[in-house]
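Data block below; observations after.
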2 protein chains.
Amino acid sequence: MSIKSKNILLGHGSGGKLTNDLINDIFIKKLSNKILSTLEDSAVIKNNKTRIAMTTDSYVVDPIFFPGGDIGRLCVCGTVNDISVSGATICGISLAVIIEEGLDISILERIVESIKKTSKEAGVGIVTGDTKVVEKGKVDKIFINTAGVGFFDKDVDFSYKNVKKGDVIIINGEVGSHGLAVLNERNNLGLCGDIKSDAAPLNGLISSIREIKGIRCMKDLTRGGLLTAINEISEFAGVGAVIDEKNVPVSRSVSSASDVLGLDPFYIANEGKIVVVVDRKKADEVLSTMRRHKYGKKASVIGSFTSDKAVMIRTSIGSTRLAPMASGEQLPRIC
Amino acid sequence: MSIKSKNILLGHGSGGKLTNDLINDIFIKKLSNKILSTLEDSAVIKNNKTRIAMTTDSYVVDPIFFPGGDIGRLCVCGTVNDISVSGATICGISLAVIIEEGLDISILERIVESIKKTSKEAGVGIVTGDTKVVEKGKVDKIFINTAGVGFFDKDVDFSYKNVKKGDVIIINGEVGSHGLAVLNERNNLGLCGDIKSDAAPLNGLISSIREIKGIRCMKDLTRGGLLTAINEISEFAGVGAVIDEKNVPVSRSVSSASDVLGLDPFYIANEGKIVVVVDRKKADEVLSTMRRHKYGKKASVIGSFTSDKAVMIRTSIGSTRLAPMASGEQLPRIC
């Protein structure tokens with residue numbers, strides 16, 4: 001058992017190595033089945049004629065409103081993106097809220113208004129819901145869970161296991177802004193520059209490329225950031241990766257703020273970023289198609305998978321260094 | 001707007017009238033669509049060849065372990081039952097946990113063990129999940145959300161709107177034990193007798209009857225109890241109902257405990273009870289089939305729908321009285 005602590009630590013929710021240990025040592029160990037054990041962003045369920053995708057996420061972000069978004073926008077985008085990276089078309093979202101007694105109803109209304117706007121942008125309906133209220137002090141304002149389902153209506157088969165050495169890694173834009181925007185707001189850090197959450201529903205961007213042959217898989221970058229996601233794919237596919245530091249888009253304000261805070265933007269959470277892994281021969285087609293979409297304008301090739309077992313960074317001065325999965329807790333409650 | 005308060009009250013989570021007002025005035029008003037607005041236990045989503053059912057529920061029960069069950073058993077049963085009463089066959093459950101920093105990992109293990117056992121009993125897998133951890137004091141121990149999806153693989157079409165006057169109401173057993181078991185444990189009431197939660201996955205019972213022609217709809221009885229459920233069906237179908245008090249199964253211990261506490265068992269939560277609404281001509285067949293199943297041994301005909309608009313109780317002495325939806329908050333955090 002790799003869990004050393006007898007108690008749950010904040011790091012068990014970080015999305016990094018401690019989370020993986022907890023999931024493997026408790027949830028997978030007891031609940032293992034063929035679908036759950038794939039551990040991809042969405043589960044794929046089949047009956048004799050149909051394949052559907054299913055995903056779930058809880059949102060405990062603090063504060064609930066922050067530059068570029070709020071818990072309502074987040075809870076729609078996260079679920080839309082998890083379903084979409086599987087290649088399925090999202091067809092319904094469930095919305096379950098747990099509210100603290102005494103919450104100002106106008107706050108709930110603002111959140112639901114944001115859910116409305118975001119689900120309209122994504123073109124998907126909230127199809128079912130649940131409302132619970134608990135005594136004051138037993139939950140922090142409001143927590144939201146959304147689950148999503150989608151139909152596989154296109155001929156696609158994305159899986160981390162499809163990834164081979166030589167495959168190219170493309171990202172749709174700049175990393176690190178979501179986590180910093182939440183941190184800045186929560187701790188009144190007063191970071192300058194335009195640091196806003198990138199929370200966005202990416203189903204439109206994804207559907208513009210998903211039928212290009214040669215795409216192996218996609219993954220959205222949330223807790224743990226870019227490098228945790230690359231490590232997860234590497235681990236499943238049994239390959240290594242090299243990421244070219246200078247090719248990863250990072251805005252100037254995120255870059256300076258990260259320097260000041262001693263954070264690495266490659267490990268900071270995003271809510272509107274995906275990586276697409278594609279056969280080298282098709283990389284140009286994917287890249288140019290992505291750049292035509294508003295959420296893909298800064299799409300870039302950032303690296304490739306290799307026959308090594310490790311994930312490496314090629315730094316801007318040409319040296320390489322190891323880039324393992326984040327191990328503990330970096331920024332809590334950012335989604 | 002029927003919400004009078006500016007702040008969220010515990011009663012907004014009761015499952016009764018205040019919950020309905022909140023759902024209608026905020027969620028339905030802003031998020032309305034054809035599927036959400038049916039407000040049945042499961043949403044029905046279609047693509048060109050397949051219909052699927054989707055549902056969600058959060059579990060905030062306090063305490064997390066109680067006689068007859070725990071939050072783990074509850075979170076599987078609730079979702080299995082919501083999907084099953086729609087007529088669909090459950091094919092996957094998502095599991096999202098929000099854990100308080102510092103929780104003893106052995107407690108999490110007990111809960112996951114219970115989820116394993118219950119999902120095995122129900123014959124359904126946990127297919128995807130999410131784990132969040134929040135700072136000590138920001139959530140009460142552990143909250144769980146499960147969502148479920150099911151395929152409509154049988155030729156059934158259940159909806160509250162199918163209900164007509166004259167249709168018979170059948171229940172699968174005794175009411176009120178779940179809410180009392182939780183209350184007893186939480187408040188150390190020391191109630192005597194065998195008061196245990198009835199939490200049970202009813203998909204087996206339901207699949208034994210669901211292809212009998214003449215079934216209009218089914219509904220599981222959770223927060224708000226039997227009478228809140230009957231009121232909801234009545235409201236949707238535009239009919240009234242009469243429930244025969246003496247025919248509703250209530251155990252002696254629940255009956256005495258309710259008397260002592262001044263609670264009405266017909267409004268107390270259940271987690272292993274359903275009502276089945278059926279054409280009078282088919283009532284005997286449904287009843288005898290249910291009684292052959294371990295979760296239907298005490299199945300009884302408890303009343304019927306009428307051309308009135310109101311839900312009424314025919315008391316054991318022959319008089320009738322109104323039985324409206326529970327209005328405020330009766331027992332908080334029982335599921």
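What follows draws every value from the coordinates through simple rules; no lab data is involved. Because the structure is a prediction, the values reported are computed rather than measured. For neighbour counting, all protein chains shown are included, and Cβ atoms are generated from backbone atoms with ideal geometry for every residue, glycine included.
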Those lysines that a straight Cα-Cα span of less than 18 Å connects to B:Lys161, excepting residues fewer than 8 apart in one chain:
B:Lys34, B:Lys213, B:Lys219, B:Lys309
Sorting from shortest, the nanometre distances separating the label point of A:Asn24 (7 Å past Cα along the line to Cβ) from those of the same residue in the other copies are 5.2
Sorted shortest first, the nm distances from the B:Asp259 label point (7 Å along Cα→Cβ) to its counterparts in the other copies are 7.9
When the expected Rg is taken as 2.2 N^0.38 Å, what fraction or multiple of it is the alpha-carbon Rg of the protein assembly as shown?
0.98
Nothing charged except the Cβ atoms of Lys and Arg (+1) and of Asp and Glu (-1): what's the magnitude of the dipole of the protein assembly as shown about its Cα centre? Round to the nearest 20 debye.
1460 debye
Which residues does the label zone of A:Asp157 cover in region A:266-288, counting backbone N under 20 Å from a point 7 Å along Cα→Cβ?
A:277-282
Compactness summary of region A:40-151: radius of gyration and Dmax from Cα atoms, Å, are 14.7, 48
Which helices, taking whole DSSP H runs in chain B, have alpha carbons extending 15 angstrom or more along the helix axis plus mean Kyte-Doolittle at least 0.0?
B:71-85, B:225-237
Can you list residues whose amide H is under 5 Å from A:Arg216's amide H, if they're 5+ apart or on another chain and H is modeled 1.01 Å from N?
A:Val277, A:Val278, A:Asp279
Round to the nearest 0.05 the FRET efficiency obtained for A:Glu113 and B:Lys34 when R0 = 22 Å and r is the Cβ-Cβ distance.
0.60
What gaps in nm, shortest first, separate B:Pro67 from its twins in the other copies when you place the label 7 Å past Cα toward the beta carbon?
5.7
Can you tell which of A:Ile144, B:Ser86, A:Asn247 lies farthest toward the positive end of the dipole of the protein assembly as shown, using +1 and -1 charges on the Cβ of basic and acidic side chains (Lys, Arg; Asp, Glu)?
B:Ser86
So what's the net charge close to A:Val182: Lys and Arg +1, Asp and Glu -1, counting the other residues with Cβ under 9 Å from its Cβ?
0
Where Lys and Arg each count +1 and Asp and Glu each count -1, what net charge lies around A:Cys335 among other residues with Cβ under 13 Å from its Cβ?
-2
Computed label-point distance, nm, for sites B:Asp259 and A:Lys213 using a 7 Å Cα→Cβ extension
7.8 nm
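May I ask you to order A:53-59, B:35-41, A:7-13, B:316-322 by the average number of other C-beta atoms within 10 Å around their residues, highest value first?
Order by mean packing, descending: A:53-59, A:7-13, B:35-41, B:316-322.
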Which distance in Å, rounded to a whole number, links the C-alpha centroids of region A:184-252 and region B:112-127?
34 Å
Under 8 Å for C-alpha pairs, at least 6 residues apart: give me the relative contact order for chain A, rounded to a whole percent.
24 percent
For region A:40-151, what is the relative contact order in percent, using Cα pairs closer than 8 Å and at least 6 residues apart in sequence?
41 percent
